[in-house]
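Peer 1: After the structure tokens below, expect a handful of questions from me.
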Amino acid sequence: MFLTICIPTYNRAHTIIRTLESLVNQTCKDFEVLIIDDGSYDDTENQVNHYLDNLINVYTDFKYIKKANGGKYTAINLGLDNADGEYFMILDSDDWLPNNSVDILRNLALEIKNEGSYSGIIGKCSDPNGELIGDVFPDESLTYIEMHFPEKRRFNFKDCCEINRTDILRRFKFPEYKDVKFIPEAYMFDQVGLEYKLYCTNSLLKIVEYQEDGITLNNQFKQNNIKGYLINYQLRLKKIIPNLTHRKVFYETIAWWRFWDAYNRSGRPKELRVSKLSLIGRLIRLGMPILNLIYRLTQKELYKSGR
């Protein structure tokens with residue numbers, strides 16, 4: 001099977017049927033759908049089961065799995081455990097795909113079939129009005145490291161649609177914590193980016209609609225999930241920054257500032273300490289009051305949004 005489309009969902013009864021309909025309408029049927037319900041308490045379960053029970057002449061395999069609420073990242077882990085596709089896509093339950101998305105991805109996957117340096121494919125998203133989101137890709141290939149830690153110009157690609165080889169993602173699954181409901185997906189993807197690159201296309205692959213209670217529009221989301229961000233910053237310091245080949249001092253400085261900020265805001269959890277402090281780490285810890293004041297004065301909009 002070419003692709004597993006994993007839909008982590010939580011209380012999206014009002015949007016998920018639109019997502020499923022876009023998958024039923026795909027011109028290429030070489031994929032399965034895993035709907036991982038992360039403990040929804042709205043009508044998601046009834047809506048999904050009713051919709052699936054009434055599908056006629058549909059050749060795509062749909063599976064609905066309900067689990068106790070643990071956060072989106074735990075739903076992704078469960079999706080990876082149950083995936084049969086060669087490639088894996090994470091599709092939010094308030095987004096949807098144009099009818100030819102899987103077809104485009106399958107054809108592009110054939111082009112890199114014998115290229116072991118690629119983990120997958122990344123393409124563009126639009127808003128519901130058809131306006132492309134973010135910058136176009138300037139090159140044929142790109143790594144997650146180049147996206148998140150650019151050497152020169154910083155592009156603003158924003159939301160993208162990507163698929164990655166399932167066997168690769170399984171190597172970098174999220175650690176799970178009972179008291180953590182969110183860990184940024186960069187935790188997984190940055191580790192992939194240290195070893196593999198993505199094949200880029202500027203074709204439209206996904207349509208996104210931001211919800212008022214979603215991550216993008218929720219100004220309190222980071223503060224409410226600060227420990228999950230801390231886990232990601234800890235990984236950056238331990239594994240990502242040491243393996244960068246450019247602007248290492250700059251990115252280490254930023255990483256330590258974000259780490260200490262999240263560490264202090266999350267109550268200084270002992271299990272998430274960094275055992276070995278670099279000189280930059282020590283200096284940033286001492287200068288946190290001044291750095292936070294500068295940030296507050298120079299980045300007022302970001303500060304107000306809790307970013």
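Peer 1: Tell me, what are the semi-axes, in whole angstrom and largest first, of the equivalent ellipsoid of the stretch 1-132 as set by the roots of 5 times the Cα gyration tensor eigenvalues?
Peer 2: 24, 17, 15
Peer 1: Among the listed pairs LYS66/LYS113; LYS66/LYS227; LYS63/LYS158; LYS178/LYS238, which are separated by more than 27 Å between their Cα atoms?
Peer 2: LYS66/LYS113; LYS63/LYS158
Peer 1: Right, here's the next one. Per the 1.4 Å probe, what fraction of the accessible area of the stretch 90-132, in percent, lies on carbon and sulfur atoms?
Peer 2: After summing per-atom areas, the C and S share lands at 38 percent.
Peer 1: Could you state the angle between the C-alpha long axis of helix 72-82 and the longest principal axis of the C-alpha atoms of the chain, as a value from 0 to 90 degrees rounded to the nearest 10?
Peer 2: 50
Peer 1: I've got another one for you. Counting other C-beta atoms within 10 Å, and keeping those with at most 10, which DSSP coil GluC sites (Glu not before Pro) do you find in the stretch 175-213?
Peer 2: Within the stretch 175-213, the qualifying GluC sites (Glu not before Pro) (loop, at most 10 other Cβ atoms within 10 Å) are GLU212.
Peer 1: Moving on to the next point. Using the basic label-point model (7 angstrom from Cα toward the beta carbon), what is the GLN211 to LEU194 distance in nanometres?
Peer 2: Modelled inter-label distance: 3.3 nm.
Peer 1: Treat each spin label as a single point 7 Å out from the Cα along the C-beta direction, and report the ARG273 to ASP135 distance in nm.
Peer 2: With each label point 7 Å from Cα toward Cβ, the separation is 4.0 nm.
Peer 1: List, in order, the whole-Hz ³J(HN,Hα) value for each residue of the stretch 241-252 obtained from phi through the Karplus relation with A = 6.51, B = -1.76, C = 1.60 and θ = phi - 60°; use x for Gly and Pro.
Peer 2: Values, residue by residue: 4, x, 9, 6, 10, 8, 6, 5, 5, 4, 5, 5 Hz.
Peer 1: Another question about this same structure. Using 1/(1 + (r/R0)^6) with R0 = 51 angstrom and r between the beta carbons of ILE290 and GLU185, what's the FRET efficiency to the nearest 0.05?
Peer 2: The computed FRET efficiency comes out at 0.95.
Peer 1: Please give the FRET efficiency for ASP61 paired with LEU110, using the beta carbon to beta carbon distance and R0 = 30 Å, rounded to the nearest 0.05.
Peer 2: Efficiency for this residue pair is about 0.90.
Peer 1: Suppose only helical runs count, i.e. DSSP H with n ≥ 4. What mean residue ellipticity at 222 nm does that imply for the chain under -39500 (n - 2.57) per run, divided by all residues and rounded to the nearest 500 deg cm²/dmol?
Peer 2: So the calculated ellipticity at 222 nm is -10500 deg cm²/dmol.
Peer 1: If I compute P(r) over Cα pairs in 20 Å bins from 0, in percent from the structure I just sent, which labelled value in (i) 34, 62, 3; (ii) 29, 54, 17, 0; (iii) 30, 59, 11, 0 lines up?
Peer 2: Here P(r) over Cα pairs in 20 Å bins from 0, in percent agrees with entry (iii).
Peer 1: Under a 1.4 Å probe, what is the accessible area of the chain per residue, stated in Å²?
Peer 2: 50
Peer 1: Using θ = phi - 60° and the Karplus curve 6.51 cos²θ - 1.76 cosθ + 1.60, what whole-Hz ³J(HN,Hα) does each residue of the stretch 146-151 get, with Gly and Pro shown as x?
Peer 2: 5, 6, 8, 9, x, 7
Peer 1: In whole Hz and in residue order, list the ³J(HN,Hα) couplings for the stretch 284-294 that follow from phi through the Karplus curve 6.51 cos²θ - 1.76 cosθ + 1.60, θ = phi - 60°; x for Gly and Pro.
Peer 2: Result, ordered by residue: 5, 4, 5, x, 4, x, 5, 4, 5, 5, 4 Hz.
Peer 1: Given a Förster distance of 22 angstrom, what is the FRET efficiency for ARG171 paired with HIS246, based on the Cβ-Cβ distance and rounded to 0.05?
Peer 2: Plugging the Cβ-Cβ distance into 1/(1 + (r/R0)^6) gives 0.35.
Peer 1: Would you mind telling me the share, in percent, of accessible area of the stretch 18-61 contributed by carbon and sulfur at probe 1.4 angstrom?
Peer 2: About 43 percent, which is the carbon plus sulfur part of the accessible surface.
Peer 1: Within 10 Å of each candidate Cβ there may be at most 12 other Cβ atoms; applying that plus a DSSP loop requirement, which GluC sites (Glu not before Pro) in the stretch 113-160 survive?
Peer 2: Those that pass, being in a loop and sparsely packed, are GLU115, GLU131, GLU140, GLU151.
The values are calculated or read from the model by the stated rules, or taken from the named source; none is laboratory data. Given the structure is predicted, the values throughout are model-derived calculations rather than measurements. Note that we place each Cβ from the backbone using ideal geometry, even for glycine, and neighbour counts take in every protein chain shown. Note: areas computed on protein heavy atoms with side chains; ligands, DNA, RNA excluded. Shrake-Rupley method; radii C 1.70, N 1.55, O 1.52, S 1.80 Å.
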